[in-house]
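Asker: Supplied in structure tokens, the structure appears directly below.
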Amino acid sequence: MPLRDHFHPPLSVQRHWHGFHNAWATFIATDLNQRLPPGYFAEPNVQFGIEIDVAAFQEPLLDAHPPGPVAAWTAPAPPLSAPFVLTSDIVEVEIFSDSGGPTLTAAIELVSPANKDRPAHRAAFVAKCETYLRQGISLIIVDIVGGRNANLHNDLLRKLTPPVSPLAADRYAAAYRAWRKQDTPQLDIWPEALTLGRSLPTLPLWLQDQVSVPVDLNLTYEQTCASQRIRGNGAG
């Protein structure tokens with residue numbers, strides 16, 4: 001299923017984009033739960049106007065060694081790497097219910113129109129992503145909204161790294177790993193431009209410095225289109 005434009009006619013008047021994003025987050029989480037090693041699970045967190053994310057958590061006291069299928073997948077080398085500053089000192093108050101315990105390890109953000117529609121919203125989105133990465137939480141951003149004269153990936157890199165080549169695309173997906181390589185903090189980046197009418201990429205989601213699982217965006221996109229009865233050349 002090639003990438004469709006969900007935010008402009010004809011598809012935008014045939015299907016609600018927020019219904020599609022909701023379903024896509026669920027399919028991504030379901031696919032991840034079939035790939036994640038023991039001790040991890042993924043669940044969708046859908047809050048329209050704020051975020052659509054799928055988070056991977058590590059359950060404490062469980063064996064987190066990846067099984068064979070996970071270890072057999074090797075992430076490609078990052079196209080970009082840059083010096084980076086990880087947060088070393090954190091002073092905070094956290095409150096958990098009795099059922100709490102999982103620790104956030106990674107997150108996938110599906111960009112919504114509201115994340116891009118005004119400077120304050122863009123700044124808030126970038127600040128949240130920056131916080132994740134400063135704390136060593138890996139991240140994937142997927143933006144199929146396009147337009148709006150905003151590229152949140154480029155905005156994020158301007159906050160995090162020395163000048164790097166911007167991604168010249170208004171639709172994109174990017175994976176990020178913040179880690180220490182030989183005791184030197186480093187940010188690895190896997191940016192992919194997205195093009196209407198073409199398939200989506202597979203990106204690495206990092207659980208530990210050397211452990212990642214593939215996020216097959218095209219597979220889950222196809223599953224979501226099928227569930228929403230969206231065909232290759234039209235809806236319905």
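Asker: If we scan segment 219-227, do we find a residue that is in contact with a strand residue (DSSP E or B) (Cβ under 6 Å, 6 or more places away or on another chain), touching a residue at least 12 places away in the same chain (Cβ under 8 Å) and not in a loop (DSSP other than H, G, I, E, B)?
Answerer: No.
Asker: Exactly one condition in (1) open to solvent by less than 40 Å² (accessible area, probe 1.4 Å); (2) modelled with pLDDT under 90 is false for ILE95; which is it?
Answerer: (1)
Asker: Quick check on THR161: is it open to solvent by less than 40 Å² (accessible area, probe 1.4 Å), more than 15 Å from the chain's Cα centre (by Cα) and within 25 Å of LEU104 (Cα to Cα)?
Answerer: Criteria met by THR161.
Asker: Of all residues being surrounded by 15 or more Cβ atoms within 10 Å (Cβ to Cβ) and among the β-branched types (Val, Ile, Thr) in segment 101-134, which is farthest from TRP17 (Cα to Cα)? Just the residue, please.
Answerer: Within segment 101-134, the match that is farthest from TRP17 (Cα to Cα) is THR105.
Asker: Please indicate, with yes or no, whether at least one residue in segment 176-185 is small (Gly, Ala, Ser) and assigned to a strand (DSSP E or B).
Answerer: yes
Asker: Of the residues in segment 177-236, how many are within 22 Å of ILE144 (Cα to Cα), of a type in the set (S, T, N, Q) and open to solvent by 40 Å² or more (accessible area, probe 1.4 Å)?
Answerer: Within segment 177-236, residues that are within 22 Å of ILE144 (Cα to Cα), of a type in the set (S, T, N, Q) and open to solvent by 40 Å² or more (accessible area, probe 1.4 Å) number 7.
Asker: Related question: Scan segment 162-213 for residues that are at positive phi and in contact (Cβ under 8 Å) with a residue 12 or more places away in the chain and jot them down.
Answerer: GLY197 - this is the single residue of segment 162-213 that is at positive phi and in contact (Cβ under 8 Å) with a residue 12 or more places away in the chain.
Asker: Of the numbered conditions (1) open to solvent by 20 Å² or more (accessible area, probe 1.4 Å); (2) modelled with pLDDT under 60, VAL70 satisfies every one except a single condition; which is it?
Answerer: That leaves (1) as the condition not met.
Asker: For LEU139, are the conditions met, namely being open to solvent by less than 10 Å² (accessible area, probe 1.4 Å), part of a helix (DSSP H, G or I) and in contact with a strand residue (DSSP E or B) (Cβ under 8 Å, 6 or more places away or on another chain)?
Answerer: no
Asker: Among the residues of segment 192-199, is there at least one that is modelled with pLDDT of 95 or more and closer than 22 Å to THR26 by Cβ?
Answerer: Yes, segment 192-199 contains a residue that is modelled with pLDDT of 95 or more and closer than 22 Å to THR26 by Cβ.
The values are calculated or read from the model by the stated rules, or taken from the named source; none is laboratory data. Since we're looking at a predicted model, the values are computed, not measured. Using ideal geometry, Cβ is built from the backbone for each residue, glycine included, and neighbour counts are taken over all protein chains shown. We work out accessible area using only protein heavy atoms, side chains counted, and drop any ligands, DNA or RNA first. Shrake-Rupley method; radii C 1.70, N 1.55, O 1.52, S 1.80 Å.
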